[in-house]
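Okay, structure first, notes after.
The values are calculated or read from the model by the stated rules, or taken from the named source; none is laboratory data. Note that the coordinates shown come from a computational prediction; the quantities given were computed from them, not determined experimentally. All Cβ positions, glycine included, derive from the backbone under ideal geometry; neighbour counts span all protein chains shown.
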Amino acid sequence: MAPEESTEAVSLLPSFERRFLATRALRSFPWQSLEEKLRDSSGPELLLDILQKTVKHPLCVKHPPSVKYARCFLSELIRKHEAVHTEPLDELYEALAEVLMTTEPTQCHRSYLLPSGDSVTLSESTAIISHGTTGLVTWDAALYLAEWAMQNPAAFAHRTVLELGSGAGLTGLAICKTCHPSAYIFSDCHSCVLEQLRGNILLNGLSLEADVTDPARHPEHNTCNSESPRVTVAQLDWDVVTAPQLAAFQPDVVIAADVLYCPETVLSLVRVLQRLSACLKNQQAPDAYIAFTVRNPETCQLFTSELGIAGIPWEAVPHHDQKLFPYEEHSEMAILKVTL
Ligand SMILES: C[S@@+](CC[C@H](N)C(=O)[O-])C[C@H]1O[C@@H](n2cnc3c(N)ncnc32)[C@H](O)[C@@H]1O
């Protein structure tokens, strides 16, 4: 390979790797650049490297993506190869044959590489909405909030974080692995979401403690080592949770991602934020950060006007520039810092 060719191939590889591990839409892959690269090169090295960074990636081998996804990806890779070279590349066909012999499970895996060299792997539903909930897959706002957190670790270091509507758990796991919180409380209202969440926490090598608000909890569960946070999962429904139950979590920081998707959830969320404003720790209410994708400006406006009615000030957090995760380029994302 010519030196400039190898530099471009180097930037193409992480792009394929991050998108494939996170099972992003195939149309978001840099296929055009790949085709151009293939036209300029004579050997199969680039395609073999892509194979190693995707289907044969150690994370994928251990925690595979959906079979359909791997099949479509390999078919596209073969098409690109065949458009340029006449000789078939055996490794591509062997990989496809292996995938075709696998049966599709109801759960698949997505992995996200962290700048620390660590990764977060999640078991998720293969459907965007299943069991009547949106919480069994990772949404882009979760990735956006995790990115912001990793660039602002001081907001979480040595603090107790309460996450509302945690879903599959991406944001919390990234924060636990990189921002050194002293305690992290994942929460959600849906029993299937909570079950998947517990599985994902264990999958990522964190230990789970009993719920801090659980009366059956034993005091020895409080012991922690200074390296990893105390992690709990709580069943917390914004419509029924009381102020004393919220106060028992003793949060320093409250976060939530992609929880403003319809007027009902907006109103429930504002009510729970109001109750949290009474949860003082050292005479201070928790900091709160709410991240969302601006799908419908009216829903976002409802949120800010309801915050106004509740007397809760807010400010938009400036957009961060370092994109670490492969979410949709064109969707508008926002984080509001809410002063409880
Ligand atoms: C769109 S998902 C977002 C999940 C995750 N934060 C993410 O961004 O990937 C919304 C989550 O909010 C939870 N949720 C919705 N209404 C809720 C309520 N009233 N109380 C608690 N959680 C709720 C759902 O169960 C679901 O997990």
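Could you check, for region 301-321, whether at least one of its residues is of a type in the set (A, V, I, L, M, F, W, C) and touching an Asp or Glu at 6+ places or on another chain (Cβ under 6 Å)? Taking every residue of region 301-321 in turn, none turns out to be of a type in the set (A, V, I, L, M, F, W, C) and touching an Asp or Glu at 6+ places or on another chain (Cβ under 6 Å).
Can you name the residue in region 119-130 that is assigned to a loop (DSSP other than H, G, I, E, B) and near the ligand (Cβ under 10 Å from one of its atoms) and is also modelled with the highest pLDDT among such residues? Going through the qualifying residues, I end up with 128. Does residue 213 satisfy the condition of being at pLDDT below 90 and within 15 Å of the ligand (Cβ to nearest atom)? Criteria met by residue 213. What single numbered condition from (1) under 22 Å from residue 142 (Cα atoms); (2) touching a Leu at 6+ places or on another chain (Cβ under 7 Å); (3) not assigned by the TED database to the domain that holds residue 192 fails to hold for residue 112? Checking residue 112 against (1) under 22 Å from residue 142 (Cα atoms); (2) touching a Leu at 6+ places or on another chain (Cβ under 7 Å); (3) not assigned by the TED database to the domain that holds residue 192, the one that fails is (3). Considering the conditions (1) more than 9 Å from the ligand (Cβ to nearest atom); (2) closer than 13 Å to residue 120 by Cβ; (3) outside any helix (DSSP H, G or I), residue 180 is excluded by exactly one of them, (2). Which number in (1) at pLDDT 95 or above; (2) surrounded by fewer than 16 Cβ atoms within 10 Å (Cβ to Cβ); (3) not charged (D, E, K, R) marks the one condition that residue 322 misses? For residue 322, the failing item is (1). Within the option set 299, 293, being surrounded by fewer than 18 Cβ atoms within 10 Å (Cβ to Cβ), within 23 Å of the chain's Cα centre (by Cα) and assigned by the TED database to the domain that holds residue 151 holds for one residue only, 299. Among the residues of region 141-159, not a single one is closer than 19 Å to residue 245 by Cβ, crowded, with 24+ Cβ neighbours inside 10 Å and within 13 Å of the ligand (Cβ to nearest atom). Checking 317, 272 one by one, the residue that is under 24 Å from residue 115 (Cα atoms), surrounded by 12 or more Cβ atoms within 10 Å (Cβ to Cβ) and over 17 Å from the mean Cα position of the chain (by Cα) is 317 and no other.
Scan region 228-263 residue by residue and report those that are without any contact (Cβ under 8 Å) to a residue 24 or more places away in the chain and either buried (at least 21 other Cβ atoms within 10 Å of the Cβ) or within 15 Å of the ligand (Cβ to nearest atom) (or both).
Within region 228-263, 240 is the sole residue that qualifies.
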